[in-house]
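Notes follow the structure.
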């Protein structure tokens, strides 16, 4: 009889554990559903707030205060994760701060949505070249050129990329194209040679 009582006690304890575990699972799922409902009811971010944050981010970027610009842009993306203007500016912030790997990830994300965007291709290529991924970077730059042969700075970027790769002949060819384009635009080709920053992204509908 004593042994049977012991068995009953063990069974009761096991059942209690199952009940508590079930209650925990139900509570957890209920909490997630409630959180999802709360998230679904969140109002859309105010366009005025987004504009103010973009203006602030632009000012910080121009002042080369890159960590602060990054925080400001991430605030925008927390409110509106698909904001393409904030995404492209964040990529440029990372590039100018020397964070080329982070920049390349941002430009890839833009290209996932807009694969025919020549500026994002150029900027991804530039980021790769800076990481010494020369062949991959040149492929992206050539793809950008194929989409838009008149993209400002693309010939100079290709010239510098081939120079880094050690292909002086091809580098000279693209430099000659850049110089000819500069004459057409009445702008010296060497003006951007020292720091070929990523181009600004075009507006997308």
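Quick notes
- Per the listing 117, 102, 148, the residue uniquely in contact (Cβ under 8 Å) with a residue 40 or more places away in the chain and surrounded by fewer than 23 Cβ atoms within 10 Å (Cβ to Cβ) is 117.
- In the stretch 25-45, the count of residues that are within 30 Å of residue 132 (Cβ to Cβ) and either touching a helix residue (DSSP H, G or I) at 6+ places or on another chain (Cβ under 8 Å) or modelled with pLDDT of 95 or more (or both) is zero.
- Criterion (within 25 Å of residue 112 (Cα to Cα), modelled with pLDDT of 95 or more and in contact with a helix residue (DSSP H, G or I) (Cβ under 9 Å, 6 or more places away or on another chain)) met by exactly one of 60, 73: 73
- Residue 176 exposed (fewer than 15 other Cβ atoms within 10 Å of the Cβ), more than 28 Å from residue 70 (Cβ to Cβ) and at pLDDT 95 or above: yes
The values are calculated or read from the model by the stated rules, or taken from the named source; none is laboratory data. Keep in mind that what you see is a predicted model, and the values were worked out from it rather than measured. Positions of Cβ are backbone-derived with ideal geometry, glycine not excepted, and every protein chain shown enters the neighbour counts.
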